[in-house]
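What follows is a short report on a single structure.
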Ligand SMILES: Nc1nc2c(ncn2[C@@H]2O[C@H](COP(=O)(O)OP(=O)(O)OP(=O)(O)O)[C@@H](O)[C@H]2O)c(=O)[nH]1
Ligand SMILES: [Mg+2]
């Protein structure tokens, strides 16, 4: 039976989510793991990895700002809801690629993913298989408990 594990990289803005997605995936590939990356950040311009599935193919922050006359934060809230609408399609894309592991890079404004209904909904819709969360803190701040 096909079974996949999906890891959501969540953390505060600039805590290193995208870089960890890149390094973790590279390392897993050296361990001969069949892994793919998913970018769920619609606002990012450049990434340190080439995502196999990219939410920017469906959603553009600039288009949302223009179309709905929203500021950058309002547009990100709206984008989170639009991603939720696309979640089933993203889930089908993952299924089509049949990986063993999926590393999901989430948006910098973690409250959009972690503290709104759309985040858990997206997580649930992407797959019914086992899921894990890796939570990143700012490392410099975390030195002092
Ligand atoms: N020295 C060091 N720099 C890091 C580390 N992880 C990330 N960085 C740097 O921190 C900056 C932000 O890293 P990103 O991976 O873009 O962080 P992010 O959480 O994806 O950022 P947003 O998506 O914008 O919230 C980049 O310049 C990285 O090179 C790390 O472990 N050590
Ligand atoms: Mg990022």
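Bear in mind these aren't lab numbers, they're just calculated from the coordinates by the rules spelled out. Just so you know, these numbers come straight off a predicted model, no measurement behind them. Glycine also receives a Cβ, built like all others from the backbone with ideal geometry; neighbour counts cover every protein chain displayed.
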| Which of the peptides 5-17, 24-36, 84-96 is most tightly packed, and how do the rest follow, judged by the mean count of other Cβ atoms within 10 Å per residue? | 5-17, 84-96, 24-36
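Starting from the eigenvalues of the Cα gyration tensor, five times each then square-rooted, give me the equivalent ellipsoid semi-axes of the range 29-145, largest first, whole Å.
23, 20, 14
Against the globular-protein guess of 2.2 N^0.38 Å, express the Cα radius of gyration of the range 43-85 as a ratio, rounded to two decimals.
Details: Rg = 10.9 Å, N = 43, 2.2 N^0.38 = 9.2 Å.
With N residues counted in the range 43-85, Rg over 2.2 N^0.38 Å equals 1.18.
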| said: Quick one: the Cα spread of the range 88-145 along its three principal axes, in angstroms, biggest first? | reply: 44, 25, 17
| field | Label-point separation in nm, residue 96 to residue 66, each point 7 Å along Cα→Cβ | value | 2.6
| If you bin every alpha carbon distance in the range 1-77 into 10 Å steps from zero, what whole percent lands in each bin? | 16, 42, 29, 11, 2
| said: If you average the alpha carbon positions of the range 90-104 and of the range 16-36, how far apart do those two centres end up, in angstrom? | reply: 14
| request: Run through the DSSP bridge list for the chain and note the antiparallel percent, rounded to the nearest 5. | output: 0
| Taking the inverse of the average 1/r across all pairs of different Cα atoms in the range 64-110, what Kirkwood radius in Å do you get? | 12.4
| said: For the chain, what does the helix formula give at 222 nm: sum of -39500 (n - 2.57) over DSSP H segments with n ≥ 4, over the residue count, nearest 500 deg cm²/dmol? | reply: -14000 deg cm²/dmol
